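See below for the structure under consideration.
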Amino acid sequence: MPHHTIAVLGGTGNQGPGLALRWARAGHTVIIGSREAEKAERVAAELVARLQTNPAAAARVRGMSNADAVAASDLAVLTVPYAAQNPLLEQLRDALQGKLLISVTVALKPPKVARVYIPPEGSASEQAQALLGDGVTVVAAFQNVPAEQLDSDGIVDCDVLVCGDDRAAKRIAIDLSEDLGTRGIDAGPLVNARAVEAMTSVLIGINIRYKIHGSGIRITGLEGKV
Ligand SMILES: NC(=O)c1ccc[n+]([C@@H]2O[C@H](COP(=O)([O-])OP(=O)(O)OC[C@H]3O[C@@H](n4cnc5c(N)ncnc54)[C@H](OP(=O)(O)O)[C@@H]3O)[C@@H](O)[C@H]2O)c1
């Protein structure tokens with residue numbers, strides 16, 4: 001499996017660090033992206049410190065502005081709140097041409113984020129594809145994976161549903177799921193991200209009602225198939 005240079009856009013928040021740590025340990029180079037290069041460098045330094053027992057992985061983590069991170073990467077992973085997605089992607093549209101964008105961003109409408117919200121475009125992922133145009137391949141993945149599980153020393157106890165219109169791009173996201181220590185499943189075309197993103201609201205509601213932090217999903221019946 002090839003190793004990538006992955007820009008985690010908005011990687012300074014909840015979801016980015018856990019992804020970055022696991023991918024760096026798996027052999028990928030990870031660039032934490034931020035609106036402020038200094039903030040990205042600070043968060044990257046914290047991750048490097050957490051990887052002190054694995055110097056090779058630590059050497060693969062750095063921080064940059066989102067724009068510089070895209071320029072230095074071969075694929076980008078979008079981990080910003082829904083309201084931030086369009087303004088950020090408009091800034092990065094030219095730099096992203098010819099690249100793969102894996103969107104973790106979910107269409108949530110605060111304050112009622114445990115209630116399914118379907119935006120006019122269908123999903124945040126389809127909105128990203130429409131904004132970026134055909135020169136960028138958008139794949140939706142990791143949208144049901146809780147930050148608490150990613151940023152832990154334990155296993156990631158859930159599956160990753162991967163939606164997209166490009167089979168090779170989905171394969172990359174599935175391989176990156178395996179690098180997190182979990183299972184990536186081809187969940188069909190990008191339009192199906194509507195259901196996956198909606199499931200995130202369902203999971204947030206389950207977390208609230210059952211007073212837990214990291215509910216996730218598992219697909220049954222696939223034994224021996226993935
Ligand atoms: N947290 C979870 O468990 C989880 C699980 C599944 C999916 N998701 C989805 O993943 C995405 C990221 O979640 P998160 O919890 O990591 O979000 P977050 O911590 O609230 O924000 C992530 C980063 O986004 C950047 N950001 C915030 N406002 C911005 C703006 N206006 N313009 C540009 N960048 C902005 C910030 O980075 P800088 O200030 O450094 O630029 C921030 O650190 C969300 O869409 C969420 O729905 C989250």
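Ordering Leu132, Ser73, Thr220 by Cα displacement along the dipole of the chain toward the positive end leaves Thr220 in first place; charges were set at the Cβ atoms of Lys, Arg (+1) and Asp, Glu (-1).
Each label point was placed 7 Å from the Cα along the Cα-to-Cβ direction; for Val226 and Asp134 their separation is 3.0 nm.
Close amide H pairs (under 5 Å, H built 1.01 Å from N) link Ile102 with Ala76, Val77, Leu78, Val139, residues at least 5 positions away or on another chain.
Karplus-based coupling profile of segment 201-214, in residue order and whole Hz: 5, 4, 5, 4, x, 5, 4, 5, 5, 9, 6, 10, 10, x, with θ = phi - 60° in 6.51 cos²θ - 1.76 cosθ + 1.60 and x standing for Gly or Pro. Maximal additional length on extending the Ala45-Thr5 stretch stands at 12.7 nm, based on 0.36 nm per residue less the C-alpha distance. Per-residue ellipticity at 222 nm, computed for the chain from helices alone with -39500 (n - 2.57) per DSSP H run of at least four residues, works out to -12500 deg cm²/dmol. Ranked by the mean number of other Cβ atoms within 10 Å of their residues, highest first, the peptides 71-83, 200-212 fall in the order 71-83, 200-212. Between the amide H of Gly11 and those of Gly33, distances stay under 5 Å, these residues lying 5 or more places away or on another chain, with hydrogens modeled in the peptide plane. With the charge dipole of the chain set up from +1 on Lys and Arg Cβ and -1 on Asp and Glu Cβ about the Cα centre, the Cα lying farthest toward the positive end among the listed residues Ala114, Thr200, Ala40 is that of Ala114. Dipole check for the chain: with +1 at the C-beta of Lys and Arg, -1 at the C-beta of Asp and Glu, and the Cα centre as origin, the magnitude is about 480 Debye.
Spin-label model, Ala84 to Ala114: label points 7 Å out along the Cα-to-beta-carbon direction sit 2.4 nm apart.
For the pair segment 147-165 / segment 1-71, the C-alpha centres are spaced 17 Å from each other.
No value in this document is a laboratory result; all are computed from the given coordinates. Just so it is clear, the model here is predicted, and its values are computed rather than measured. All Cβ positions, glycine included, derive from the backbone under ideal geometry; neighbour counts span all protein chains shown.
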